[in-house]
Amino acid sequence: MRPENQIMTSKIASAQEEQPAPAIGYHPVLAGQAALVTGASSGIGQGVALGLARAGADVVVNYVSDQAGAEAVAQRIEGLGRRALVLRADVSQEDEVETMFARAIAEWGTLHIAVTNAGLQRDAAITDMTLEQWNKVLDVNLTGQFLCHRAAVREFRRRGVDPAVSRAAGKIICMSSVHQRIPWAGHANYAASKGGVMMLMQTLAQEVAPDRIRVNAIAPGAIRTPINRSAWDTPEAYAALMELAPYGRIGEPDDVAQAAVWLASDASDYVTGTTLFVDGGMALYPGFAHGG
Ligand code: BGC
């Protein structure tokens, strides 16, 4: 740590104890819309599922292994007065994705919003990384998004625009990462998958814009979730993390959810093919704040 940052960092480290800010600023801008969120049993997916429900949407809560977590999220959605549907599917499996979309559409008639969030890390130095670790991350983080996008686009095109519901026929929100831009040693599979998500998102946005389907991505930085617990759950780790986050706090799932609600709503109707960084400045080359 640079000496001039020490006082600042000890002040910031205590922020680790702070409770997440309460969800604020939600309006029912998504009323009457049905959303599907993959990987919604925990972490960012859980936060986004709850945020969309706070904004008025009904939500399909997809999970792959944590059924109890998914059911708890569904209960909270119902507590907000919305409908919830818990569906298990491994997003890297074509038949499971197809079945999940078919069941959701059979149940609710259609879907208006798809948040392709499910993702994981299998970290290893390049010479230690197994083909299995490489493939698993690419299969879930990239192929999983493709399979869900394809199913979502088919449904959005089938229904077309319903002006009583939204100006768009459908909205796809891809969960990317700051690592679509920031190289990350020891995480080649993950960074490659997120770089792939960026170009998949942009290409798909170009392809389906004439159908009035909008496709955007969110690139979260460090968000307080289980995937990166070791980066924030001790004061030392939190202080090191703050060296990379100029805004001086970790992100909360609700920070990402607020962005997802905006991208899903007609407030962003002319926005497609873009990535919204929700990262407290992590992608701003914080190392250059002093020096260069
Ligand atoms: C990763 C986290 C990491 C964050 C910032 C995310 O995409 O999943 O583990 O803390 O990027 O590096």
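Every read-out reported here was derived from the displayed coordinates using simple, explicitly stated rules and does not represent laboratory data. What you see is a predicted model; the values in this text were computed from it and never measured. We place every Cβ from the backbone using ideal geometry, glycine too, and count neighbours over all the protein chains shown.
Using the Kirkwood radius built from alpha carbon pairs, what does the Stokes-Einstein equation give as D for segment 67-225 at 25 °C and 0.890 mPa s, in µm² per second?
Calculated translational D: 146 µm²/s.
Go through segment 157-170 residue by residue and turn each phi into a ³J(HN,Hα) via Karplus (6.51, -1.76, 1.60, θ = phi - 60°); whole Hz please, and just put x for glycine and proline.
5, 4, 7, x, 6, 10, x, 6, 9, 7, 6, 9, 6, x
Pulled fully out, how much extra length does the chain show between ALA240 and LYS136, if you take 0.36 nm times their separation in residues and subtract their Cα-Cα distance?
34.6 nm
Using only alpha carbon positions, build the gyration tensor of the chain, then give the equivalent ellipsoid semi-axes as the square roots of 5 times its eigenvalues, largest first, whole angstrom.
Semi-axes, largest first: 32, 21, 18 Å.
Sorted by mean Cβ packing within 10 Å, highest first, what order do the peptides 174-182, 97-105 take?
174-182, 97-105
So, in nm, how far is label ARG157 from label ILE227 when the simple model puts each one 7 Å beyond its Cα toward the Cβ?
For ARG157 paired with ILE227, the spin-label model returns 2.9 nm.
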